[in-house]
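Below: one structure, written as structure tokens.
Read-outs: derived from the displayed coordinates by stated rules, not from any lab. Bear in mind that the values here come from a model prediction, so they are computed numbers and not experimental data. FYI the Cβ positions are ideal-geometry reconstructions off the backbone, even for glycines, and counts take in every protein chain you see.
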Amino acid sequence: MNLAIVGTGYVGLTTGTCFAEVGHNVVCVDNNEEKVKSLWQGKMPIYEPDLEEMIVSNVSAGRLRFTTDLVSAVKECEIIFIAVPTPPHEDGSVDLSYIEGVSREIANALSLDLEYRIIVDKSTVPVSTGSKVQQVIERYACKGVKVDVVSNPEFLREGSAVHDLMNPDRIVIGADSLQAMDMMKRVYQPFNAPIVEVDLASAELIKHAANSFLALKISYINAVSAVCEKAGADVELVAMGIGLDKRISRHFLNAGLGYGGSCFPKDVKGFINVAEQLGSPMEILKEVERVNAAQLERFLGRIRKKMWVLRNKRIAVWGIAFKQNTDDVRESVAVKLIKRLCDEGAIVTAYDPKASETGARALEGYNVTICDDMYECARGAEVLVVATEWKQFAMANLVKLREVVRLPIIFDGRNIIHGENAIHAGFEYHSVGRKNLYPSDKKM
């Protein structure tokens, strides 16, 4: 099929590339000429495992193209996916100006000589957005043009987006016409995944409800971790015992510094706002936000308690991205942590395998040194903080690390370093929701 993707951000670029990979002809549209030129040259605007190789392969095969010409894309493509940003306002409501703007451009490009077209909301939007897009199309398109609007929310995880798109748990399609539903099912036929056929409004709610529930699971286990620390229990064992219940599952029951990124914070706020606008407040989600914010404060409090005063203390932070396998620092808890340490006068060094450049931009104006090597980052440190769950941090050479730090103190905000290995290397080891470990605890 001939598909257009409007917007080459994380969702649009990855989605378009995976559609091309399964055999569709895809044109990705963006109004940024430099970005389009860079994509043609094989330069990636984001880091995502396997994405670059897949883009190069499909461009070479002629199935994937990039352009700034939206009008031509609308004329040649049966289905147009909208994957533009939907940033939050201060009150948590969603800025839909990009969606509205693209909808108008699409409407202006539609003409009576075109056959039936489908406009798909791929961006995360509040319920009723689809009906508003339909109104825009009817208002600005030529009379008599046949168009349906569909909601097709994405559920990709940054760092494993290509895998998630090629191997989806389910595909949600919200459509109010059989013709639109049938054509959308043809798009996804090569993916061999269960298709959830729902109405437009239900599809829009599914995305917000799903992400908010996952955020709830994270905040729940983080709240449990605080109890575990007080009780001398191990949150990892508690999570395992909970997660083996098939009704709950182990996924997203990892205690740590809290959730971040471009989706969970925005979607939780967005769902709170939507519910309030509809007169059905979601008070439980406000508590999810409160617990998430408190988790970082509690972790910082433990570092303060250990070090007494943070001013002029040398603190190394491993991790800047909001999670592993990405260079995305939007709403990164690691970035928030670094900023708080700097605000308290600490001398901060930071390292991340992929987020050095994006991290430098996010931390502009803060007195932090971003290093090219994880061990050089830790040289002379009085505290090492693990803030992102990169595999190489979990596999760190702790003997080598002990040789370069000034004081052997690790605060593991992601529970990825093996505690016994840490104390055998001579470190104090502080994690989340587990007992503090000291070199004297090591077994003979």
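Between Q179 and Q41, what length in nm is gained on full extension when 0.36 nm per residue of separation is reduced by their alpha carbon distance?
Values: separation 138, 0.36 × 138 = 49.68 nm, distance 3.78 nm.
This chain segment gains 45.9 nm when fully extended.
For segment 199-444, what does the convex hull of the Cα positions come to per residue, in cubic angstrom? Show your work: numbers first, answer last.
On the way: hull volume 35.3 nm³, N = 246.
In segment 199-444, the Cα convex hull volume per residue is 143 Å³.
Please tell me the relative contact order of segment 199-444 in percent, rounded to the nearest whole number, where contacts are Cα pairs under 8 Å and at least six residues apart.
Values: 447 pairs, mean separation 47.2, N = 246.
In percent, rounded to a whole number, it is 19.
List the pair-distance distribution P(r) of segment 166-239, using every Cα-Cα distance, as the percent of pairs falling in each 10 Å bin from 0 up to the bin containing the longest distance, rounded to whole percents.
Percent of Cα pairs in each bin: 17, 31, 21, 17, 12, 3.
Counting other Cβ atoms within 10 Å, keep those with at most 14, restrict to DSSP loop, and tell me which trypsin sites (Lys or Arg not before Pro) in segment 333-414 are left.
On the way: sites: K336, K339, R340, K354, R361, R379, K391, K400, R402, R406, R414; in loops: K354, R379, R406, R414.
Hits after loop and neighbour filter: R406.
How big is the Cα convex hull of segment 305-444 in projection, averaged over all directions, in nm²? Mind showing how you got there, number by number?
Values: hull surface 31.3 nm².
Result: 7.8 nm².
Between the DSSP loop rule and a limit of at most 13 other Cβ atoms within 10 Å, which GluC sites (Glu not before Pro) in segment 309-403 are left? Write out the running numbers ahead of the final one.
Working: sites: E331, E344, E357, E364, E376, E382, E389, E403; in loops: E331, E344, E364, E382, E389.
Filter output for segment 309-403: E364.
Using the Cα gyration tensor of segment 2-198, with a ≥ b ≥ c the square roots of its eigenvalues, what is the shape: rounded (a/c below 1.5), prolate (a/b larger than b/c) or oblate (neither)?
rounded
Percent antiparallel among DSSP beta bridges with both residues in the chain, to the nearest 5?
Values: 3 of 47 bridges.
Restricted to the chain, the bridges split so that about 5 percent are antiparallel.
Net charge near R117, counting Lys/Arg +1 and Asp/Glu -1 over other residues with Cβ under 10 Å of its Cβ?
Charge balance in the 10 Å sphere: -1.
Is the shape of segment 377-444 rounded, prolate or oblate, going by the alpha carbon gyration tensor and its root eigenvalues a ≥ b ≥ c, with a/c under 1.5 for rounded and a/b larger than b/c for prolate? Can you show the working numbers first?
Values: a/c = 1.45, a/b = 1.07, b/c = 1.35.
Since a/c stays below 1.5, the shape of segment 377-444 is classed as rounded.
How big is the chain in terms of Cα radius of gyration and Dmax, in angstroms?
Expressed in Å, the Cα Rg and Dmax of the chain come to 23.9, 83.
Find the percent of Cα-Cα distances in segment 125-256 that exceed 25 Å, and round it to a whole number. The partial results should precede the final answer.
Numbers: 3888 of 8646 pairs.
When all Cα pairs of segment 125-256 are counted, 45 percent exceed 25 Å.
Using each residue's phi in segment 106-121, evaluate 6.51 cos²θ - 1.76 cosθ + 1.60 at θ = phi - 60° and report the 3J(HN,Hα) Karplus result to the nearest Hz, with x for Gly and Pro.
Once θ is set to phi - 60°, the couplings for segment 106-121 become 5, 4, 5, 8, 6, 9, 5, 6, 8, 6, 3, 10, 10, 9, 10, 7 Hz.
Straight-line reach from K143: which lysines have Cα under 22 Å away, leaving out those fewer than 8 places along the same chain?
K75, K132
List the residues, sorted by chain then number, that are 5 or more residues from C28 or on another chain and whose placed amide H is less than 5 Å from its amide H.
Residues meeting the amide H criterion: I5, R65, F66, T67.
Using alpha-carbon pairs under 8 Å, 6+ residues apart, how would you state the relative contact order of segment 289-370 in percent? Could you put the intermediate results ahead of the total?
Details: 112 pairs, mean separation 25.0, N = 82.
For segment 289-370, the relative contact order is 30 percent.
FRET efficiency for E33 and L237, Cβ-Cβ distance as r, R0 = 35 Å, nearest 0.05?
In this case the efficiency is close to 0.05.
Assuming R0 = 45 Å, what is the FRET efficiency of D169 and S111, from their Cβ-Cβ distance, to the nearest 0.05? Present the calculation step by step, with values, prior to reporting the outcome.
Values: r = 39 Å, r/R0 = 0.86.
The formula returns an efficiency of 0.70 here.
How far apart, in nanometres, would the label points at K306 and E52 be if each is projected 7 angstrom from Cα along the Cα-to-Cβ direction?
3.5
For the chain, what is the relative contact order in percent, using Cα pairs closer than 8 Å and at least 6 residues apart in sequence? Could the numbers behind the result be given before it?
Values: 884 pairs, mean separation 50.9, N = 444.
Relative contact order, the chain: 11 percent.
R0 = 35 Å: FRET efficiency of E283 with D245, Cβ-based, nearest 0.05? List each step's numbers first, then the result.
Details: r = 26 Å, r/R0 = 0.73.
That pair, E283 with D245, gives E of 0.85.
Which of the chymotrypsin sites (Phe, Trp or Tyr not before Pro) across segment 46-141 are loop residues per DSSP, with 14 or fewer other Cβ within 10 Å? Kindly include the intermediate steps, with their values, before the conclusion.
Values: sites: Y47, F66, F81, Y98, Y116, Y140; in loops: Y47, Y116.
Sites meeting the loop and neighbour criteria: Y116.
Among L244, L214, P87, whose Cα sits farthest toward the positive end of the charge dipole of the chain (+1 at Cβ of Lys/Arg, -1 at Cβ of Asp/Glu, about the Cα centre)?
Checking the options against the dipole of the chain, the answer is L244.
Let me have the 222 nm mean residue ellipticity of the chain computed from DSSP H runs of 4+ only, each contributing -39500 (n - 2.57), with the sum over all residues rounded to the nearest 500.
Numbers: 18 runs with 200 residues, N = 444.
Using -39500 (n - 2.57) per qualifying helix, the result is -13500 deg cm²/dmol.
At 0.36 nm per residue, and after removing the present C-alpha to C-alpha distance, how many nm does the segment from V196 to V71 gain when stretched out fully? Intermediate values should be presented prior to the final figure.
On the way: separation 125, 0.36 × 125 = 45.00 nm, distance 3.13 nm.
Difference between extended and current length: 41.9 nm.
Among K43/K336; K339/K435; K246/K391; K323/K391; K122/K266; K217/K339, which pairs are too far apart, with a Cα-Cα distance over 20 Å? Walk me through the intermediate numbers first.
On the way: K43/K336 29 Å; K339/K435 27 Å; K246/K391 27 Å; K323/K391 11 Å; K122/K266 16 Å; K217/K339 26 Å.
In this structure, K43/K336; K339/K435; K246/K391; K217/K339 exceed 20 Å between Cα atoms.
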